[in-house]
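Student: The structure's right below; bear with me while I get my questions together.
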Amino acid sequence: MPGLVNALVIVAVAALVIARQFRARAIDTDRRWWLLPVILAVVALREPGILGAHHRAESAVLLAVELLIGLATGAGWGWTTRVWTAADGIVWTRSTKASIAVWTVGIALRAGVFALGSALGLHQDSSALLLGLAVTLLVRGGILAWRAQSLGAASRPAPAYGDDKPSVLKERV
């Protein structure tokens with residue numbers, strides 16, 4: 001049953017994050033942006049079956065690859081998100097089309113790791129995917145908080161990779 005719960009948590013968090021990333025959102029750099037990733041990591045690490053009992057070393061390698069993919073996806077997502085300061089001094093973010101590519105590549109790589117593990121007969125628990133998602137969200141949140149703080153009082157948009165036209169239009173939130 002914990003695998004099913006983890007899968008539902010992964011789907012719910014991913015759906016929420018993906019749905020919210022393409023709407024302009026104000027960033028509060030003082031808030032606890034790291035709290036959700038930490039909660040997800042605790043949920044993932046509470047299960048003892050994160051590594052396969054019979055192939056611990058191989059499972060650890062797959063977990064490390066999953067975490068590296070999460071790190072790269074979070075960094076790519078953080079750097080492809082548009083960040084700007086509105087005239088009132090509020091910092092806003094919205095993901096770009098390049099963010100879609102980052103998510104697509106990240107999901108494809110995760111599917112490839114899962115397929116490789118299945119082909120090798122290795123135990124893979126949903127906790128590894130949940131931990132990878134936590135790393136993704138933690139890295140993305142950290143990069144966005146850093147970028148938002150580095151804007152200061154400037155009113156110019158911070159460039160995002162793949163974003164060739166800065167815009168200060170705000171969507172209704």
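The values are calculated or read from the model by the stated rules, or taken from the named source; none is laboratory data. Bear in mind the structure is a predicted one, so any value in this text is a computation, not a measurement. Backbone-built Cβ (ideal geometry, glycine too); neighbour counts: all protein chains shown. Note: accessible area is taken over every heavy atom of the protein model, side chains too, but ligands, DNA and RNA are not part of it. Shrake-Rupley method; radii C 1.70, N 1.55, O 1.52, S 1.80 Å.
Student: Show me the helices (runs of 4 or more DSSP H) entirely contained within segment 1-79 in which 1 or more residues are at pLDDT 85 or above. First the steps, then the outcome.
Tutor: Values: elements: 2-21, 35-45, 56-79.
Because the criterion is at least 1 residues that are at pLDDT 85 or above, the helices (runs of 4 or more DSSP H) in segment 1-79 that meet it are 35-45, 56-79.
Student: Would you check if S99 is surrounded by 20 or more Cβ atoms within 10 Å (Cβ to Cβ) and either at pLDDT below 90 or more than 20 Å from W146 (Cα to Cα) (or both)? Steps first, please.
Tutor: Working: surrounded by 20 or more Cβ atoms within 10 Å (Cβ to Cβ): yes; either at pLDDT below 90 or more than 20 Å from W146 (Cα to Cα) (or both): no.
No, not satisfied.
Student: Among the residues of segment 6-25, what is the count of those that are touching a helix residue (DSSP H, G or I) at 6+ places or on another chain (Cβ under 9 Å) and of a type outside the set (G, A, S)? Break it down stepwise before answering.
Tutor: Of the residues in segment 6-25, the ones touching a helix residue (DSSP H, G or I) at 6+ places or on another chain (Cβ under 9 Å) are 6-7, 9-10, 13-14, 17-18, 21-22.
Next, from what is left, pick out any that are of a type outside the set (G, A, S): 6, 9-10, 13, 17-18, 21-22.
The number of residues fulfilling the criteria is 8.
Student: Another question, then. Quick one: V105 ticks every box in (1) β-branched (V, I, T); (2) open to solvent by less than 70 Å² (accessible area, probe 1.4 Å); (3) over 23 Å from V91 (Cα atoms) except a single one, so which number is it?
Tutor: With (1) β-branched (V, I, T); (2) open to solvent by less than 70 Å² (accessible area, probe 1.4 Å); (3) over 23 Å from V91 (Cα atoms) applied to V105, the lone miss is (2).
Student: Regarding I27, is this residue in contact (Cβ under 8 Å) with a residue 12 or more places away in the chain, under 19 Å from A148 (Cα atoms) and open to solvent by 50 Å² or more (accessible area, probe 1.4 Å)?
Tutor: Details: in contact (Cβ under 8 Å) with a residue 12 or more places away in the chain: yes; under 19 Å from A148 (Cα atoms): yes; open to solvent by 50 Å² or more (accessible area, probe 1.4 Å): no.
Here the answer is no, as I27 does not meet what is asked.
Student: Is there any pair linking a residue in segment 106-120 that is free of Cβ contacts under 8 Å to residues at least 40 places away in the same chain to one that is open to solvent by less than 90 Å² (accessible area, probe 1.4 Å), with Cβ under 7 Å and at least six apart or on different chains, and which?
Tutor: G106/I69; G106/T73; F114/Q124
Student: Would you mind finding the one in G152, G117 that is surrounded by fewer than 21 Cβ atoms within 10 Å (Cβ to Cβ) and either modelled with pLDDT under 90 or under 22 Å from V9 (Cα atoms) (or both)?
Tutor: After applying the criteria, what remains is G152.
Student: Just checking, does segment 43-61 include any residue being under 12 Å from the mean Cα position of the chain (by Cα) and either under 17 Å from A148 (Cβ atoms) or among the acidic types (D, E) (or both)? Don't jump to the end; show me each part of the working.
Tutor: Applying the first criterion (under 12 Å from the mean Cα position of the chain (by Cα)) to segment 43-61 yields none.
So far as segment 43-61 goes, no, none of its residues is under 12 Å from the mean Cα position of the chain (by Cα) and either under 17 Å from A148 (Cβ atoms) or among the acidic types (D, E) (or both).
Student: I've got another one for you. Keeping to segment 54-88, report how many residues are open to solvent by less than 10 Å² (accessible area, probe 1.4 Å), under 20 Å from G106 (Cβ atoms) and among the aromatic types (F, W, Y).
Tutor: 1
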